[in-house]
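Chemist: Take a look at the following structure, please.
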């Protein structure tokens, strides 16, 4: 589908969602470098500051995985397998390089496989620490300096603090607009659906930050004015868990008596809610935001670092309390915990999160899926039963 | 090899005795000698739920703990060792004591948990989940996993080591607060020297296995490796035990005695984690002349290096552990093989140990040990013309490993290995 550059708002969102690479290919043809990244840990501000287009590598739920089987076993994350599969099939041939990070075991190994089999012109791996200890924050700053040097070498440009600060401000501006978009789901009924919001998030991962900002402004203005938004439904849901980069699951849930009013996933609030503090040395703010503020289960968090006593409820509150806040602020009356099969980082969280949600009295259900549309039919029955519980 | 067999059982007995005497026990994950020397210096007994998972599987109690962990809400695709110990911990907490059926006396309630970010997300996520049952605090060791190219850039190794040292200093400080005692730095320094020497000798044993016929089968290696991977007791005594193993293996080399007590028809590499619950499988293959002369690097000590110039024991620990993950990086970079620590060494092993084939154990519940197997299979064939047989299994769930099915593939694979001997010869490879 051709993306009409005169399209705006949700129409443009839909067009980009259906043909993600289109704008990136246009920009590349115009001389821009397009840098692929996976997950929320590669520091996008550094790419933007060097006038590159950060492009989120995602999978394709509709594309059968074939080529990836020649280098990854099938008992690993199906999303990552799909991403690699698309790479091997040439679907990411417009990328000038990739910046990947140690976000989980599978992505760590897949990063190296990508390097070997796809041999990109630029490859950099950011070995993100696993804790938020002070030493880890210092280390992460050093890793960002390494990343900076490699980007400077690749682009032939210097990444100066003022330029980086400008990029940080732009990305913070985009994040503020995303939060404004998410606020549109606080009313009942929400002004925009979870499905529509997800499309916007996917579109943002396909555009340079300034174009994403404009798209958000258009979309927010349109949504505020329209009369044909979502219907009021019994269930207002928070969805937590593994990456969701396709609307099928959200569409299925919202086809029932439920609106998804807030999420905690990486193509969603997790990636956009925390800002970068503008510090004297911008790398300090970046290191802190990306290592400490991003709340992905791949990072070990505890109520008090180095505490010699452990209290389970205190631990749960420190790790998951923000979900309680989300539920309160968006008036969610139920939580769907979802994870991709074989996602270890999210999988280990499930009993603890359930304990926390049960403790604060929020009905919840865990569903597992394998990044295929075929998996959704049996899940629909389970979600329907869960919604009966919420309806009481 | 005999004294090593008792090491595993002694460890659990010792920790139970220690707990009864009010001394601290730690549940640890395999931490590549990063945390163990520090715990030893602080007088903490260590047990390894990973190892205990293999023990439970071999003794037939794992299924009960797996079922319990499923009842607790843990997922069936997660690490079998993790689910075994989560089920065990749930039952122990419920009973208020070690379960009666727990093999080797069980694991005593820990004073602390030691996780790590090394090699596997489960190694801290699983222990974090343990908070549901145990009120012991968890410390997570940080271990950099730089990519091959990145690690060789100027300044990178230095800041990685600085990071590890700083983290270890915080770990010591944490232990001092927890245990209300000060670190004996001289003792720690001696322990790390002993660790380095122990592993140097052990590595020499592993090097002997390049000989033809292979003098030490993987089964014997697996018995002996515990003293290196899971530090315990008198390290000088274990080093002496390794010297005796060296002498025994050297004798076999000099007298061309084969480690499988029959004719060596095929030399193989095994990766990554064996079915500890079903090791007889390798005996059955040995009867066919399959000699597993080497195994994946996860059980091997790091490539030797000189640490004598570093006076800070924490820096020696950090460099030793870092060497495990990056010691091969220069070679990998030169070969343009950017794969990681569980992958690249297998190429060198297949070449240096002149392997006819590889047997890979794809584990349904262990992604770190399985992620790279297909990649390595591909590289072994493309670069060295060494074929691979992949057998599916699991760490502890006996239902998921079918040795009979694997054995039925042996005959066909023997033909494949024989064929590729010719292919290698034609390609000018040395074996």
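No lab work stands behind these numbers, since they all come straight from the coordinates. Fair warning: this is a prediction, and the values are worked out from it, not measured in the lab. Ideal geometry is used to build each Cβ from the backbone, glycine not excepted, and the neighbour counts take in all protein chains shown.
Chemist: Taking the simple approach of a point 7 Å from Cα along Cα-to-Cβ for both residue A:388 and residue A:317, what is their distance in nm?
Modeler: Taking the two extended label points, one gets 3.6 nm.
Chemist: Looking at region B:95-187 from every direction and averaging, what is the projected area of its Cα convex hull in nm²?
Modeler: The number I arrive at for region B:95-187 is 8.9 nm².
Chemist: Using the 10 angstrom Cβ neighbour count as an exposure proxy, how do B:169, A:289, A:185 rank, fewest first?
Modeler: B:169, A:289, A:185
Chemist: Quote the Stokes-Einstein diffusion coefficient, in whole µm² s⁻¹, for region A:259-345, based on the Kirkwood radius over alpha carbon pairs, a temperature of 37 °C and a viscosity of 0.692 mPa s. All intermediate terms of the calculation are to be shown ahead of the outcome.
Modeler: Values: Rh = 15.1 Å.
It comes out at roughly 218 µm²/s.
Chemist: Determine the gain in length on full extension of the stretch residue B:255-residue B:185; use 0.36 nm per residue of separation and subtract their C-alpha separation, reporting nm with one decimal.
Modeler: 20.7 nm
Chemist: Over every pair of different alpha-carbon atoms in the protein assembly as shown, take the mean of 1/r and invert it; report that Kirkwood radius in Å.
Modeler: 27.9 Å
Chemist: Quantify how much of the Cα-Cα distance distribution of region A:166-256 extends past 22 Å, in percent.
Modeler: 30 percent
Chemist: Right, something else. Calculated FRET efficiency, residue A:7 and residue A:166, Cβ-Cβ r, R0 22 Å, to nearest 0.05?
Modeler: 0.20
Chemist: In Å, what is the Rg of the alpha-carbon atoms in region B:248-389, and how long is Dmax?
Modeler: Spelled out, the Cα radius of gyration and Dmax of region B:248-389 are 16.8, 51 Å.
Chemist: If you take the Cα Rg of region A:217-289 and divide it by 2.2 N^0.38 Å, with N the number of residues, what do you get?
Modeler: In units of the globular-protein estimate, region A:217-289 measures up at 1.47.
Chemist: Under the rule a/c < 1.5 gives rounded, and otherwise a/b versus b/c splits prolate from oblate, where does region B:380-423 land using the Cα gyration tensor?
Modeler: oblate
Chemist: Rounding to the nearest 10 and keeping the result within 0 to 90°, find how far the Cα-based axis of helix B:235-254 lies from the longest principal axis of chain B.
Modeler: 10 degrees
Chemist: Also: Below 8 Å between Cα atoms, with a sequence gap of 6+, how large is the relative contact order for chain A in percent?
Modeler: Working: 620 pairs, mean separation 72.3, N = 392.
Taking the mean separation of contacting Cα pairs over the length of chain A, I get 18 percent.
Chemist: Which value, to two decimals, describes the C-alpha radius of gyration of region B:36-85 once divided by 2.2 N^0.38 Å? Don't jump to the answer; show the numbers that get you there.
Modeler: Values: Rg = 13.4 Å, N = 50, 2.2 N^0.38 = 9.7 Å.
Against the compact-globule rule of thumb, the ratio is 1.38.
Chemist: Which of B:308, B:33, B:278 moves the most in a Gaussian network model of chain B with Cα springs under 10 Å?
Modeler: Checking each option, the largest mean-square fluctuation is seen for B:308.
Chemist: Can I ask one more? Sort B:148, A:389 by Cβ crowding within 10 Å, fewest neighbours at the top. Please report the intermediate quantities before stating the final value.
Modeler: Numbers: B:148 25, A:389 12.
Arranged by neighbour count, lowest to highest, B:148, A:389 become A:389, B:148.
Chemist: Ok, one more. Find how much the distance from residue B:265 to residue B:177 grows on full extension, using 0.36 nm per residue of separation minus their present alpha carbon separation; answer in nm with one decimal.
Modeler: 26.0 nm
Chemist: Largest first and in whole Å, what are the equivalent-ellipsoid semi-axes of chain B based on the Cα gyration tensor, each being the root of 5 times an eigenvalue?
Modeler: 34, 26, 21
Chemist: Angle between the Cα long axis of helix B:49-59 and the longest principal axis of chain B, 0 to 90 degrees, nearest 10?
Modeler: Approximately 60 degrees, to the nearest 10.
Chemist: While we're here: How high is the relative contact order of region A:1-88, given as a whole-number percent (alpha carbon pairs under 8 Å, six or more residues apart)?
Modeler: Reported relative contact order: 19 percent.
Chemist: How would you rank A:227, A:141, going from fewest to most other Cβ atoms within 10 Å of each one's own Cβ?
Modeler: Least crowded to most crowded, the residues run A:227, A:141.
Chemist: Right, something else. How big is the Rg/Rh ratio for region B:41-139, C-alpha atoms only, Rh by Kirkwood, two decimals?
Modeler: On the way: Rg = 12.6 Å, Rh = 13.6 Å.
Using Cα coordinates only, the ratio equals 0.93.
Chemist: To continue, here is another question. Determine, from the Cβ-Cβ distance of residue A:210 and residue A:301 and an R0 of 45 Å, the FRET efficiency 1/(1 + (r/R0)^6), rounded to the nearest 0.05.
Modeler: Numbers: r = 33 Å, r/R0 = 0.74.
The pair residue A:210/residue A:301 has a calculated efficiency of 0.85.
Chemist: Okay, next question. Quickly estimate the mean residue ellipticity at 222 nm for chain B, helices only: each DSSP H run with n ≥ 4 gives -39500 (n - 2.57), and the total goes over all residues, rounded to 500.
Modeler: Roughly -16000 deg cm²/dmol at 222 nm, from the helical runs in chain B.
Chemist: Normalise the Cα radius of gyration of region A:1-124 by 2.2 N^0.38 Å (N = residues in it) and let me know the number. Each step should come with its number before you reach the end.
Modeler: Numbers: Rg = 14.8 Å, N = 124, 2.2 N^0.38 = 13.7 Å.
In units of the globular-protein estimate, region A:1-124 measures up at 1.08.
Chemist: Output the Kirkwood hydrodynamic radius of region B:189-290, Cα pairs only, in Å rounded to one decimal.
Modeler: On the way: mean 1/r = 0.0688 Å⁻¹.
Final number for the Kirkwood radius of region B:189-290 is 14.5 Å.
Chemist: A further question on this structure: Set the Förster distance to 41 Å, then compute FRET efficiency between residue A:331 and residue A:51 from the Cβ-Cβ distance, nearest 0.05.
Modeler: 0.45
Chemist: Then there is this: Which stretch or stretches of region A:191-210 have amide N atoms under 20 Å from the point lying 7 Å from residue A:255's Cα along the Cα→Cβ direction?
Modeler: The answer is A:193-200, whose backbone nitrogens lie closer than 20 Å to the label point.
Chemist: Using a 7 Å offset from Cα along Cα-Cβ at residue B:97, what residues in region B:32-52 end up with backbone N under 20 Å from the label point?
Modeler: none
Chemist: Taking only Cα atoms, what is the 0 to 90° angle, nearest 10, from helix B:156-179's long axis to the longest principal axis of chain B?
Modeler: With rounding to tens, the tilt is 40 degrees.
Chemist: Please express the Cα-Cα pair-distance distribution P(r) of region B:130-183 as a list of whole percents, one per 10 Å bin, running from 0 to the bin with the greatest distance.
Modeler: Computed distribution, short to long bins: 21, 35, 26, 16, 2.
Chemist: Using 18 Å as the cut-off for backbone N distance, which residues of region B:47-84 belong to the label zone defined by a point 7 Å from the Cα of residue A:370 along Cα→Cβ?
Modeler: Zone members listed by number: B:75-79.
Chemist: Using a/c under 1.5 as the rounded threshold, could you call region A:341-392 rounded, prolate or oblate? The axes a ≥ b ≥ c are square roots of the C-alpha gyration tensor eigenvalues, and prolate needs a/b larger than b/c, oblate otherwise.
Modeler: Note, shape of region A:341-392 comes out oblate.
Chemist: Going by the alpha-carbon gyration tensor, a ≥ b ≥ c the square roots of its eigenvalues, is chain A rounded (a/c under 1.5) or, if a/c is not under 1.5, prolate (a/b greater than b/c) versus oblate?
Modeler: rounded
Chemist: Run lengths n ≥ 4 of DSSP H only: what is the helix-derived mean residue ellipticity at 222 nm for chain A, with -39500 (n - 2.57) per run over all residues, to the nearest 500?
Modeler: Per the formula, -15000 deg cm²/dmol.
Chemist: Here is a follow-up. Expressed as a rounded percentage, what relative contact order does chain B have, with Cα pairs under 8 Å and six or more residues apart?
Modeler: Working: 702 pairs, mean separation 75.9, N = 431.
Contact order relative to length: 18 percent.
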